[in-house]
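Here's the structure we're looking at; comments come further down.
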């Protein structure tokens, strides 16, 4: 079974492609996270956890969710991390997480996708650039699927001293100093549709007077700013483009246009 967490769509894209290639079930974990539930999952196929990279680890919100879950059936677990550049020493932390879950760690695949962390980095400037990056990601996803299908470990990036610094030192500092919602603003083009509140995995957004209000529990998934149909939301001075006006931004809408036929194997939850 493939379980994924996504904010802007990159990891959904990867999860659905893997699901299509492996003919396996694909589940979005956000509804479970929003509901605070403790799911019981059963699968006869290996577990594949797909997620973005937040400060060179898997998102804390996803790791916390996985530790609440109960997994039966297969004992093998693979991680697939989408990123704008590199995941550094994240595989080490994933191996430790697997031990806590009582699963056999089979490796972490690094999949470079279009950058979408609007808060700090520049995103692609054109649909052509997005499509070029997506096309380059497909062979890596195919190789990952082949390893999973054969029961072999996936190829991981080698750990480095610099990677250790980024994963173990920068990550907690980044969460403590950068991951907050104080820089989010909304302008008068907001139509009060509530999509931002519906998508927020932290249930951190509520509408007041027809406009979103952030309540201090953000995880910087960027779903709200990326999916706003009027590009009414900004983070500091940065905005995403309105839906349909620039296909390359946000990445989530771009990848949503790639429709894969998913054939589900029998699993229970």
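None of the figures in this text is laboratory data; all of them are computed from the coordinates on show. From a predicted model like this one, the values you see are computed outputs, not experimental measurements. Note: ideal-geometry Cβ built from the backbone for every residue, glycine included; neighbour counts use all protein chains shown.
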| said: Using Cβ counts within 10 Å as a stand-in for footprinting exposure, how do 144, 25, 160 rank, fewest first? | reply: 160, 25, 144
| note | Label model pair residue 187, residue 215: point-to-point distance (7 angstrom along the Cα→beta-carbon line) in nm is 2.8 nm
| field | On Cα atoms only, tilt of 90-101 relative to the major axis of the chain in degrees | value | 70 degrees
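In nm, what is the difference between 0.36 nm times the number of residues separating residue 238 and residue 99 and their Cα-Cα distance?
46.1 nm
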| request: Compute the FRET efficiency between residue 122 and residue 152 as 1/(1 + (r/R0)^6), taking r as their Cβ-Cβ distance and R0 = 35 Å, and round to the nearest 0.05. | output: 0.45
| said: Run lengths n ≥ 4 of DSSP H only: what is the helix-derived mean residue ellipticity at 222 nm for the chain, with -39500 (n - 2.57) per run over all residues, to the nearest 500? | reply: -9500 deg cm²/dmol
| query | Can you give the Rg and Dmax of region 119-161 based on its C-alpha atoms, in angstrom? | reply | 14.7, 39
| remark: Ordering 78-87, 56-65 by per-residue average of other C-beta atoms within 10 angstrom, highest first, gives 78-87, 56-65
| note | Site residue 178, offset 7 angstrom along Cα→Cβ, radius 20 Å on amide nitrogen, limited to region 100-116, gives 110-116
| Gain upon complete extension [residue 75, residue 165; 0.36 nm per residue less C-alpha separation] | 29.3 nm
| How big is the antiparallel share of DSSP beta bridges in the chain, given as a percent to the nearest 5? | 30 percent
| field | Calculated on alpha-carbon atoms, Rg and Dmax of region 1-150 in Å | value | 14.7, 44
| Separation between Cα centres of region 11-40 and region 92-121, rounded to whole Å | 15 Å
| note | Given 4 °C, 1.567 mPa s and a Kirkwood radius over Cα pairs, the Stokes-Einstein diffusion coefficient of region 59-123 in µm²/s is 99 µm²/s
| Among 15, 109, 136: highest mean-square fluctuation, GNM of the chain, C-alpha pairs under 10 Å | 136
